[in-house]
Amino acid sequence: MKILIGSPVYQRAWILRDWFECIEKQTIPLADIGFIFELGPNDDETHHVIWDWHLNHPQVGFFDVVVRDDLEHYTHPDGLRTWTKTAYHKMVNLRNSLLDRAACIMPDKYFSLDSDLLLENPQTLEKLYHTLNRSGVDAVSPLSYMYPKGVSFPSVMTWTEGVGRRASRLLDEYKIGETFKSDIIMAAVMMNPNVYQNVRYTWHPQGEDLGWSCECTIHGYNLYCVSDVYVPHIMHKWMLDDYHTIGDPRKDEAYNNVNISL
C-alpha cells in the first residue's frame, strides 16, 4: 500500500462526502490507498457516510474503523472552536492510536489528514509522496490555513523560545510557493515509516501537532512544507457553502504575486 490515510472523525457527516470525493479524484488510485478512522459513539450519520462510501468503493486498498467509546466526545457550535487542555490530551490519544495502527499495517507512507481538509488538487497525494522520497525529507505537509479568513495563520510555525517551548508564525520567513523546511507542520502531515514508527504525539499548550513536531526534532527528523500544494481547511459548515460557491479566497491571497501554476 502506497499511502494509508488516518483521521479522527466526529460529527463530520456534513463534509465527509466532499472529503472522500477529493480523494477519489487523486492521481494515485484507490487500490493504492488505505483508510483508518477513530470515531466517536452516538454519531450514526457520520458512521453511515463512512461505511456507505466503503461499500461503494470496494477497490480501496485497506479500510478499518474503530469506535472509541472510552473517550468523551463533543462537538462545538458552528463558527466557534475552543481548545482546552483536556481536548488536546484527547487528540493526543486519538492520533497516537492511529499511529500505533499504522505501525502495524506498515504502508509506504502514513498521511494524517483531518476530516475538514479537502484535497482539491488531484496531484496532492502524488506530490507529497514523491517529496518524501527525497533524501533528508522525513515528513511533509501541504499549505493550509488555520483560521477561516486571511493568511496570517498558515499551517507552519517556528520555535521562538527554544524547541518544544513557545512557537509563533514568522510570515516573512516562509517561502510560500516553494518547498521549505519548517520547525512545525500540522493538520495534513504525510510521513515516512521511520517517523510513524518512532514518533508519537505529546501534549503541548498550543496543540498536539506542536508536541509531535517537537518529538520529530528530538529524533533528528526533518519536516518540510510543500507550499505549492494548497489544501482548503473548511473549519465550519458555512465555509463549505461558500467553498461550493466561490472557492477558497485564502488560496488566491496566499499565492498573490507568487509565480507558480496551480
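Quick notes on this structure:
- Put in order of Cβ neighbour count within 10 Å, fewest first, the listed residues C225, C216, C104 become C104, C216, C225.
- Fraction of the pair-distance distribution of the chain above 33 Å, Cα-Cα pairs, percent: 13 percent
- Shown for F111, F63: other C-beta atoms within 10 Å of each C-beta, ranked fewest to most, produce the order F63, F111.
- Dipole magnitude (debye, nearest 20) for the chain, charges at Cβ of Lys, Arg, Asp, Glu: 640 debye
- Furthest towards positive pole of dipole, T160, A87, G177, structure part the range 3-254, Cβ charges: T160
- Using C-alpha pairs below 8 Å separated by at least 6 residues, the relative contact order for the range 3-254 is 24 percent.
- Taking label positions 7 Å along the Cα-Cβ direction at both T160 and R17, the computed distance is 4.3 nm, reported to one decimal.
- Which of I3, I105 has the fewest Cβ neighbours within 10 Å, and the rest in rising order: I105, I3
- Residues E45 and Q197, FRET efficiency given R0 of 35 Å [Cβ-Cβ distance, rounded to 0.05]: 0.50
Computed from the coordinates by the stated procedures, all read-outs in this text should not be read as laboratory data. Here the structure is a predicted model, which is why all the values come from computation and not from measurement. Glycine gets a Cβ as well: all are built from the backbone with ideal geometry, and neighbour counts include every protein chain shown.
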